[in-house]
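Undergrad: Dumping the structure here so I can ask a few things about it.
Derivation of every value follows stated rules applied to the coordinates shown; laboratory data play no part. Just so you know, these numbers come straight off a predicted model, no measurement behind them. All Cβ positions, even for glycine, are placed from backbone atoms using ideal geometry, and neighbour counts span all protein chains on display.
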Amino acid sequence: MVYHGVVRNGVVVLEKGAQLPEGTEVRLEPIAPSGGVAAGGPTLAEQFADIIGTVPDLPSDMAENHDHYLHGAPKR
């Protein structure tokens, strides 16, 4: 059986009428994002804006061929 609820003040509150015996083990799986871009949080570019572009003298194709430069894989 699947129960639905929401988190309020750090506690999961089950939907009306749903009851589980005290001590019942449960598994929680969020069904909606609680942070990040979808919830209005900062993008990765915004989070790392202070360090983006700070490493000098990288090859122009570093992003595409990082496995080549780091591990010796063939270039793409």
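Undergrad: Neighbour counts of other C-beta atoms within 10 Å: give me 76, 27 arranged from fewest to most. All intermediate terms of the calculation are to be shown ahead of the outcome.
TA: Details: 76 9, 27 4.
In order of increasing Cβ crowding within 10 Å: 27, 76.
Undergrad: I've got another one for you. Could you estimate the translational diffusion coefficient of the chain from the Stokes-Einstein equation, with Rh from the Kirkwood formula over C-alpha pairs, at 10 °C and 1.306 mPa s, in whole µm²/s? Write down the numbers at each step before the final one.
TA: Values: Rh = 17.7 Å.
The estimated diffusion coefficient comes to 90 µm²/s.
Undergrad: Roughly how many nanometres apart are two label points built 7 Å out from the Cα toward the Cβ at residue 4 and residue 75?
TA: For residue 4 paired with residue 75, the spin-label model returns 5.5 nm.
Undergrad: Now, a different point. By the scheme Lys and Arg +1, Asp and Glu -1, what is the net charge of all other residues having a beta-carbon under 13 Å from that of residue 6?
TA: Details: positive: 8, 16; negative: 15.
The answer is +1.
Undergrad: Pairs of Cα atoms under 8 Å, at least six residues apart: use those to get the relative contact order of the chain, whole percent. Could you put the intermediate results ahead of the total?
TA: Numbers: 29 pairs, mean separation 8.3, N = 76.
Over the chain, the number comes to 11 percent.
Undergrad: If I model a spin label at residue 64 and residue 13 as a point 7 Å from the Cα along the Cα→Cβ vector, what separation in nanometres do I get?
TA: Result for the modelled spin labels: 5.4 nm.
Undergrad: Further question: When a footprinting reagent is the concern and you count Cβ atoms within 10 Å, what order do 75, 16 take, fewest first?
TA: On the way: 75 9, 16 6.
So the residues, fewest neighbours to most, are 16, 75.
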